[in-house]
Amino acid sequence: MKAANRFLLGGADVTTTATYQASIQGFMDHLDVSSERARELLMSGVQVAKEAVETFASGERNLLVAGSVGPYGAFLHDGSEFTGAYAQKKSVQELKLWHKAQVDCLVAAGADLIAFETIPSIKEAQAIVELLKEYPDCRAWLAFSCKDVKHISDGSPFRDAVEMACRSPQMFAVGVNCCHPAVVEPLLDSAREALGANMSWVVYPNSGETWDSKKGWQKSEQTAGWIPELSHTWLKQGAALLGGCCRISPAHITALRQQLKGSSTSSSDSTNSCT
């Protein structure tokens, strides 16, 4: 909860739960707990986030809790959320049923919305779109992991992935997360005609560092690519939710908030929120 408070103090309007890699099956397999206890653990992620929001003096800001749902690859702990290779062996129905176990808990625990994050496969996006039909009152965003300036991680065109997300009336935003900031603008440009009239972009890249499974996060000459000034470009492209993913600190969010205050849209407006 202390970490959430630091981001709220930094200016975040949307707090995501620490459930990205959490799953019912994962808790049962690795913690040797019952399915009931696994549900309790997953739901506690929402409860902790909601407590942080409820105890924070927000003033006029409208603070929300997004229940984080990672891809099936995050459960595998092999980095395949950045390739989507597992989707070749899974059917849409299998992926739908796997996600349902997590979404059931997050919705039941009272998350204000569901954040499907770092989705690498268009097949998995289809499963999510199908699943949301079972939650007609649930609002969600879908953020993809991408391999370059035109494609998501499984090689599908980002445009096609956006079109898939736009098939769901429950989806209010689609975009990218955990990518280098430099690829955001061309990605959004590549799919601008596919974005539905009632949809907005959600954008929350990482710091620009790269992940090495053996060495961890590695800095590069491009690391400085995460700069809050980029938010103006993304806003002009139609982004409604802006923020940061891995290696982004509360200080980064504070700087982003300051940039949003200087834009033509109020930073407290729902069309210009920090995550």
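The values are calculated or read from the model by the stated rules, or taken from the named source; none is laboratory data. This one's a predicted model, so the numbers in the text were calculated from it and none came from an experiment. Cβ sites come from the backbone with ideal geometry, for glycine too, and all protein chains shown count toward neighbours. With ligands, DNA and RNA removed, areas are computed over all heavy atoms of the protein, side chains included. Shrake-Rupley method; radii C 1.70, N 1.55, O 1.52, S 1.80 Å.
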Could you list, in sequence order, the residues of the stretch 18-77 that are of a type in the set (Phe, Trp, Tyr) and over 17 Å from Asn5 (Cβ atoms)? Tyr20, Phe27, Tyr72, Phe75
Considering only the stretch 181-196, state which residues are open to solvent by 10 Å² or more (accessible area, probe 1.4 Å) and touching a Cys at 6+ places or on another chain (Cβ under 9 Å). Val183, Ala194, Leu195, Gly196
Output the number of residues of the stretch 99-132 satisfying the condition of being at positive phi and not hydroxyl-bearing (Ser, Thr, Tyr). 1
For the stretch 1-27, how many residues are surrounded by 15 or more Cβ atoms within 10 Å (Cβ to Cβ) and more than 29 Å from Thr254 (Cα to Cα)? 4
Across the stretch 148-173, what is the number of residues that are in contact with a Ser or Thr (Cβ under 8 Å, 6 or more places away or on another chain) and either crowded, with 19+ Cβ neighbours inside 10 Å or assigned to a helix (DSSP H, G or I) (or both)? 8
Selection within the stretch 230-262 - more than 22 Å from Met199 (Cα to Cα), open to solvent by less than 50 Å² (accessible area, probe 1.4 Å) and not in a helix (DSSP H, G or I): Cys246, Ile248, Ser249
Of the conditions (1) over 16 Å from the mean Cα position of the chain (by Cα); (2) under 23 Å from Gly26 (Cβ atoms); (3) in contact (Cβ under 8 Å) with a residue 40 or more places away in the chain, Glu81 fails just one. Which one is it? (1)
Name the residue, out of Val103, Val129, Val184, Val149, that is among the β-branched types (Val, Ile, Thr) and within 30 Å of Glu51 (Cβ to Cβ). Val103
Across (1) open to solvent by 30 Å² or more (accessible area, probe 1.4 Å); (2) in a helix (DSSP H, G or I); (3) out of contact with any Gly (no Cβ under 9 Å at 6 or more places or on another chain); (4) at pLDDT 95 or above, Lys123 clears everything bar (3)
Cβ pairs under 8 Å, 6+ apart, first in the stretch 208-223 and closer than 12 Å to Cys246 by Cα and of a type in the set (Phe, Trp, Tyr), second open to solvent by 100 Å² or more (accessible area, probe 1.4 Å) and modelled with pLDDT under 70: Trp217/Trp211
Tell me the residue from Ser190, Ser200, Ser153 that is over 23 Å from Thr15 (Cβ atoms), modelled with pLDDT of 95 or more and within 19 Å of the chain's Cα centre (by Cα), please. Ser153
So Gly73 fits all but one of (1) touching a helix residue (DSSP H, G or I) at 6+ places or on another chain (Cβ under 8 Å); (2) touching a residue at least 60 places away in the same chain (Cβ under 8 Å); (3) outside any loop (DSSP other than H, G, I, E, B); what number is the exception? (2)
For the stretch 89-116, what are the residues that are assigned to a strand (DSSP E or B), buried (at least 22 other Cβ atoms within 10 Å of the Cβ) and out of contact with any Ser or Thr (no Cβ under 6 Å at 6 or more places or on another chain)? Ile114, Phe116
Which of the following residues is open to solvent by 90 Å² or more (accessible area, probe 1.4 Å), of a type in the set (D, E, K, R) and within 21 Å of Val103 (Cα to Cα): Glu36, Glu54? Glu36
Considering (1) open to solvent by 60 Å² or more (accessible area, probe 1.4 Å); (2) under 23 Å from Ala18 (Cβ atoms); (3) part of a helix (DSSP H, G or I); (4) of a type outside the set (Lys, Arg), say which one Asp78 fails and leave the rest. (3)
